[in-house]
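Input: a single structure, listed below in structure tokens.
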Amino acid sequence: QAQLVESGGGLVQPGGSLRLSCAAAGSIFSINVMGWYRQAPGKQRELVALIRSGGSTNYADSVQGRFTISRDNAKNTVYLQMNSLKPEDTAVYYCLMVVLGSNYWGQGTQVTVSS
């Protein structure tokens, strides 16, 4: 059973940067996909970025060119570097890891972009 622990959220001014981290605890092997989703108040959870075991990535159009997803397989950790943040990026960010067809979610970390 995987447990995901997120960190790195907070309050930042528009144009600023944050780096989110999500580490999987426990005996985890073969994490096929790692990713980040977000949910703003009153909206559905949406995909932000995914990275597969081979390194290929997908990004939402709204974050393309501003956010970068990466992973450290030795540490079972996924990162999300967020640059040029905008107020519309404000949301709770959740990490996802797919292990042998099962989805595991982090508890969520709040990101607020405001002046």
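Roughly to the nearest percent, how much of the accessible area of the chain is carbon and sulfur, given a 1.4 Å probe?
Heavy-atom surface of the chain belonging to carbon and sulfur, 1.4 Å probe: 47 percent.
Working with all protein chains in place, sort LEU50, LEU20 by solvent-accessible area computed with a 1.4 Å probe, largest first.
Result, largest first: LEU50, LEU20.
Run the quick spin-label model on SER53 and LEU11: label points 7 Å from Cα toward the beta carbon, then report their separation in nm to one decimal.
4.3 nm
From largest accessible area down, sort ASP72, ASP61, ASP89; use a 1.4 Å probe on the protein chains.
ASP61, ASP72, ASP89
Using the C-alpha atoms of the chain, what convex hull volume per residue, in cubic angstrom, is computed?
Enclosed volume per residue, from the Cα hull, is 93 Å³.
Probe radius 1.4 Å, ligands and nucleic acids left out: which of GLU46, GLU6 has the largest accessible area, and how do the rest follow?
Of GLU46, GLU6, the descending order of accessible area is GLU46, GLU6.
So which residue, out of SER30, SER70, SER84, gets the largest mean-square fluctuation from a GNM of the chain using Cα contacts under 10 Å as springs?
SER30
Roughly how many nanometres apart are two label points built 7 Å out from the Cα toward the Cβ at ARG45 and GLN64?
Roughly 2.5 nm, to one decimal.
Would you tell me the accessible area of TYR59, worked out with a 1.4 angstrom probe on the heavy atoms of the protein chains, in Å² to the nearest 10?
Accessible surface of TYR59 is approximately 50 Å².
Nearest 5 is fine: what % of DSSP beta bridges in the chain come out antiparallel, could you say?
95 percent
Would you kindly find the accessible area of ARG45, with a 1.4 Å probe and non-protein molecules such as ligands, DNA and RNA excluded, rounding to the nearest 10 Å²?
Answer for ARG45: close to 100 Å² accessible.
The values are calculated or read from the model by the stated rules, or taken from the named source; none is laboratory data. Computed from a prediction, not measured in an experiment: that's the story for all the values here. Every residue, glycine as well, gets a Cβ built from its backbone with ideal geometry; the counts of neighbours run over all protein chains shown. Just the protein is used for accessible areas: all its heavy atoms, side chains included, with ligands, DNA and RNA removed. Shrake-Rupley method; radii C 1.70, N 1.55, O 1.52, S 1.80 Å.
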